[in-house]
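In what follows, a structure is listed as structure tokens, so that the remarks can point back to it.
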Amino acid sequence: MKKLIPFVFSVLIFCSCSTSIYLTRTVPPELVPDNPPARVVFSNQFDYLSNPGIKDKHEIAYQTGISQFAETLAKDSVHENPVVIFLIDTIGIIHSSEKLFNNQMPVDEIKSLCQTNKATYLLSLDSLRLHFEWETIREVDPDGSVSKEKYFYLYSNYYVSLYDSSGGLFKRTLLEKPMLYTSRPTLSGLITIQPNLANGLEKIKKLAISAGIEYINMFYPTNETYDKKTLYGGKYFEETNSLIKQQECDKAIELLVEMTHSPKIKLAMKARHNLSVAQELKQYYEEKK
């Protein structure tokens, strides 16, 4: 057992006296409109009032999810220089029975809505599905008794289609958003009484806002973390680590090269590691300029 102590101690030192730098890259937008800023008119094509799969008591939930989704699109307060401007179709949905389940909008209708709203694109809400999923968690207490808790998750699935002003389909997208809704103690995993959607309007609004923001962001580049570099810390590396964080890698490299010649074997080893990271980060920072 004694032979393991120095090894464990060294790992703890590394973990507690280290600093991390995350590398990011820019991901191009998923949707690139022609001649930005593009005007996109949002049109709800989902007739939830005539859908036999939606109960009357749940209609208010669907109305809330659709209206909040549209409002989020039209009120983008995140981007100062928008490349897309969303408008809302105020005409309303008019469907005949034979078109109720046809997700492909007629070309003439697309052209008319774009022309009326002076829009270059049309975003159609083809359908929305609000539903619950659940799981039962079984726990054994210290006294040996067993308790079961059922966790309910609220899901909103927005299916949307983007058309250009000529009526051509540009892209179809599924926006799926889950949220923990509630939990209930349960005596049986066989009987499940689902919560009422009409009682979850505030959570439905939050999911609609999240879906709207996700769709807006598809028109903009994003940054993603793809790697992490770890530097040894401690008093010997305070200055060099600070220089690296300030992207002054040349100065840090100069100091670290000197430290690699230290008679202290562990210090020289750590310096060589940090030097390697500094050289890599120098190239990373230069490529980002």
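Here, each number is a calculation from the coordinates, and none is a lab measurement. Since the model is a prediction, treat every value here as computed from it, not as a measurement. Heads up, the Cβs are rebuilt from the backbone with ideal geometry, glycines too, and the neighbour counts pull from every protein chain shown.
Calculate how steeply helix 107-116 sits against the longest principal axis of the alpha-carbon atoms of the chain, using the helix alpha-carbon long axis, and give the answer as 0 to 90 degrees to the nearest 10.
Tilt of helix 107-116: around 80 degrees.
What is the extension gain from L169 to E224, computed as 0.36 nm multiplied by their sequence separation minus the C-alpha to C-alpha distance, in nm to one decimal?
Net length gain for the segment: 16.9 nm.
Highest first, please rank the peptides 247-255, 217-225, 49-57 by the mean number of other Cβ atoms sitting within 10 Å of their residues.
Packing proxy ranking, top to bottom: 247-255, 217-225, 49-57.
Which ³J(HN,Hα) values, rounded to whole Hz and listed in residue order, are derived for segment 157-165 from phi using the Karplus coefficients 6.51, -1.76 and 1.60 in 6.51 cos²θ - 1.76 cosθ + 1.60 with θ = phi - 60°, glycine and proline given as x?
Ordered by residue, 3J(HN,Hα) equals 10, 9, 9, 10, 10, 10, 10, 8, 5 Hz.
Measure nothing but the geometry: give the 0 to 90° angle between the long axis through the Cα atoms of 59-74 and the longest principal axis through the Cα atoms of the chain, rounded to 10°.
60
What is the chain's relative contact order, in percent, from Cα pairs under 8 angstrom and six or more apart in sequence?
24
Per-residue HN-Hα couplings for segment 265-273, Karplus 6.51 cos²θ - 1.76 cosθ + 1.60 at θ = phi - 60°, whole Hz, x for Gly and Pro?
Along segment 265-273, the couplings run 4, 5, 5, 5, 5, 5, 5, 5, 5 Hz.
Counting each DSSP H run of 4 or more residues in the chain as -39500 (n - 2.57), what helix-only mean residue ellipticity at 222 nm follows after dividing by all residues, to the nearest 500 deg cm²/dmol?
-11000 deg cm²/dmol
Does anyone have the angle between helix 249-259 and the longest principal axis of the chain? Alpha-carbon axes, 0 to 90°, nearest 10?
Taking Cα atoms only, the helix is inclined about 30 degrees.
Find the relative contact order for segment 230-288 and round it to a whole percent, using C-alpha pairs within less than 8 Å whose residues are 6+ positions apart.
Computed value for segment 230-288: 36 percent relative contact order.
Is there a pair in K171/K205; K75/K288; K150/K205; K228/K270; K148/K206; K118/K203 whose C-alpha atoms are over 22 Å apart, and which pairs would that be?
K171/K205; K75/K288; K150/K205; K148/K206; K118/K203
Among (i) 24.1; (ii) 21.3; (iii) 20.7, only one was calculated for this model; which label is it, if the read-out is Kirkwood radius over Cα pairs in Å?
Matching entry in (i) 24.1; (ii) 21.3; (iii) 20.7: (i).
Using 0.36 nm times the number of residues separating Q104 and K264, minus their current alpha carbon distance, what extension gain do you get?
Working it through step by step, the gained length comes to 50.4 nm.
So what is log10(I(q)/I(0)) for segment 230-288 at q = 0.13 1/Å, when the Debye sum runs over its Cα atoms only?
After summing over all Cα pairs, the log10 values are -0.28.
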